[in-house]
Amino acid sequence: MVELRGALIGCGFFAVNQMHAWRDIEGASIVAVCDRDPERLCIVGDQFGIAKRYTDAAELFASERLDFVDIATTAPSHRPLVEMAARYRVPVICQKPFAPTLADAKAMVKACADAGVPLMVHENFRWQSPIQTVRAVLDSGKIGRPFFGRISFRSAYDVFSGQPYLAKGKRFIIEDLGIHSLDIARFLLGDVSTITTRTARINPDIAGEDVATMLMDHKNGATSVVDCSYATKLAVEPFPETLIEIDGSDGTIRLAQGYRLTATGKSGTKIIDVSPPLLSWASQPWHNIQESVVAIQQHWVDCLAKGTEPTTSGADNLQTFALVEAAYLGAASHEPVHLDALLK
């Protein structure tokens, strides 16, 4: 396989995980980094031995021969950067949340489609190995036809110390964390027709919501509940584990705290440990998220090599992004929101 040449734009908190992952995977390497902050640019460039460094994205695209670009900046800058990459015919991975608005997200998907450029959203939670195992059990038919699911992420972990900007936005848990949980629900149970949402702000020192409960009707007839909280104090802190319950016509799946997966079907019950690997550069408890970054980036490289569409393509992610927008609309109105109207 010819090694693909990539560039990273954005050298912030999470981008370091992406850089570690690029160093681990086969078929690609990062040849240049870009950030408007010279200090962050220097830190990441030095840490990963990247000599080519830019403070201006336009200069990066004009100067480098790139096979892809990894955009790891904040949402307001995504659209101009994605559209710039499309103009240069450079395939794009874009960090989540994909865009500030659904209109921006649609415009980005259109720009890349018009340019014939692959676009993938870095929606990595579904790539965690325990969640991939849940999907494998579903695909095996062990529990029959799934009719109910619960995707739960409840914690009191201090996410604000590492990412203080999260405390300042009027939107918090649905946009930052719930987007992952909603995508997992889609991944396991299919696309959604209607969502009903309730939110709360328990922590008085933040601007946005830190609790959200969402009830969804899936197009295949299943029902799911997605619940997220950063205000839930438990005896054993589960962060950053996603807990999953799925009921099917012939059995059940339970992914419990401590990465304990129980699958019950007609042939009996099987309990397995699905703990994610602890990579050499990873640290607990973040290791489940860190290993998923390697998995999704390897998927991207494999798709580029084969000419296939990534599972979290920009077009696919519009369904997840629309769920986020619908959740906020429903939280404000206290009414169910239909997804089809948003996606037109």
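Data overview
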quantity	calculated
Flag if Glu237 is surrounded by fewer than 20 Cβ atoms within 10 Å (Cβ to Cβ), at pLDDT 95 or above and closer than 30 Å to Asp273 by Cβ	yes
Count of region 283-333 residues which are within 22 Å of Gly190 (Cα to Cα) and open to solvent by 50 Å² or more (accessible area, probe 1.4 Å)	5
Residues being of a type in the set (A, V, I, L, M, F, W, C), in contact with a helix residue (DSSP H, G or I) (Cβ under 7 Å, 6 or more places away or on another chain) and more than 15 Å from Val90 (Cβ to Cβ) - total across region 100-117	4
Evaluation of Arg171 against (1) surrounded by 15 or more Cβ atoms within 10 Å (Cβ to Cβ); (2) over 12 Å from Ile151 (Cα atoms); (3) over 21 Å from the mean Cα position of the chain (by Cα) (one fails), failing number	(3)
Residue count, region 201-244 (criterion: under 19 Å from Leu323 (Cβ atoms) and not in a loop (DSSP other than H, G, I, E, B))	16
Residue satisfying condition, being part of a strand (DSSP E or B), β-branched (Val, Ile, Thr) and more than 26 Å from Trp127 (Cβ to Cβ), within set Thr196, Thr252	Thr196
Yes/no for Gly27 being open to solvent by 20 Å² or more (accessible area, probe 1.4 Å) and at positive phi	no
Residue count for region 116-137, restricted to those that are open to solvent by 20 Å² or more (accessible area, probe 1.4 Å) and closer than 30 Å to Arg5 by Cα	5
Near pairs, Cβ below 6 angstrom, 6+ apart or cross-chain, from region 263-289 (under 17 Å from Glu245 (Cα atoms)) to any residue that is assigned to a strand (DSSP E or B) and open to solvent by 60 Å² or more (accessible area, probe 1.4 Å)	Ala263/Lys270
Hits in region 53-74 - residues which are over 22 Å from Phe13 (Cβ atoms), open to solvent by 70 Å² or more (accessible area, probe 1.4 Å) and not small (Gly, Ala, Ser)	Glu59, Arg65
Candidates Ser193, Ser161, Ser140, Ser155, filtered to the one that is among the polar types (S, T, N, Q) and open to solvent by less than 10 Å² (accessible area, probe 1.4 Å)	Ser155
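The values are calculated or read from the model by the stated rules, or taken from the named source; none is laboratory data. Everything numeric here is computed off the predicted structure, so don't read it as measured data. Neighbour counts run over all protein chains shown; Cβ positions are idealised from the backbone, glycine included. Please note that ligands, DNA and RNA were not included when accessible areas were found on the heavy atoms of the full protein model with its side chains. Shrake-Rupley method; radii C 1.70, N 1.55, O 1.52, S 1.80 Å.
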